Amino acid sequence: MIEHILPAKAASAEAFSDPSGVWLFPEETEAVARAVDKRRREFTTARSCARQALARLGFDAVPVPRGPGGAPQWPDGVAGSITHCSGYRACAVARTRDVASVGIDAEPNEATPKGVLGAVSDTGERERLAGLPAGRGAHWDRLLFSAKESVYKAWYPLTGRWLGFEDASISIDPERESFTARLRVPGPVAFDRRHDVFKGRWIIRDGLIATAVCITSEEDGKNPTHR
């Protein structure tokens, strides 16, 4: 599923269950030493997805420990992102010569819990959501939430700073299955230019929403590499 919204130069892996026999490096085991069983299983499967995705870039199996802020720590020269939700785990990676940063997120295709939309969106975003077509099988409020999560995951590795929900204004394009995030704070610099607008893609399949943001070496809005 996730590969359909990633650039061609990215590699990915996903799982819809937690298989047995999956292992962790000691550095990874430490991160979930006190976690409940559900958290350990999703973390372990997600790290297995990370190793599968890295192998598709030509890397041997390496640990992917948690770094500052909980973000995965990738090998030198690699940008990546991990996501997991009920019934789904995934990882996307790319070489930083092609993609400066990757952010992916997956959510159940369900309405957000009461109060969440108001906490993560502004009036303009809610007005735009209200204007989106019904009957498309999409819970637009959950898609907005997922898009903001992907934006943050692409932002943080480039800046090392927190990005609040209010710091990015999302517009969803239902026809192109894409979204645009306009930052309200100065954007990060990558590939010798500042990125004040993040472009993303989304997909809905099998009761899940997935979103992805990739900061590529192509000019904003002229990226022909999506599958």
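Since every read-out is calculated from the coordinates, none of them should be taken as a lab result. None of the values given here were measured: they were computed from a predicted structure. All Cβ positions, glycine included, derive from the backbone under ideal geometry; neighbour counts span all protein chains shown.
Computed values, structure above
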{"item": "Angle in degrees between helix 140-159 and the longest Cα principal axis of the chain, rounded to the nearest 10", "result": "60 degrees"}
{"item": "Estimated 222 nm signal from helices in the chain, with DSSP H stretches of n ≥ 4 weighted -39500 (n - 2.57), rounded to 500", "result": "-8000 deg cm²/dmol"}
{"item": "Unmatched cysteines, the chain - criterion: no other Cβ of a Cys under 4.7 angstrom", "result": "85, 214"}
{"item": "Packing-based ranking, highest mean first, of 50-61, 198-209 given that Cβ atoms within 10 Å are counted", "result": "198-209, 50-61"}
{"item": "The stretch 70-179, Cα convex hull volume normalised per residue, Å³", "result": "120 Å³"}
{"item": "Largest-first principal axis extents of the Cα set of the stretch 136-177 (Å)", "result": "37, 17, 14"}
{"item": "Angle in degrees between helix 37-56 and the longest Cα principal axis of the chain, rounded to the nearest 10", "result": "90 degrees"}
{"item": "J(HN,Hα) series, the stretch 7-24, from Karplus relation 6.51 cos²θ - 1.76 cosθ + 1.60, nearest Hz, glycine and proline x", "result": "x, 4, 8, 8, 10, 8, 8, 8, 8, 10, 7, 10, x, 7, x, 8, 10, 10"}
{"item": "Whole-number percent relative contact order across the stretch 45-191, with pairs defined as alpha carbons under 8 Å at least 6 apart", "result": "18 percent"}
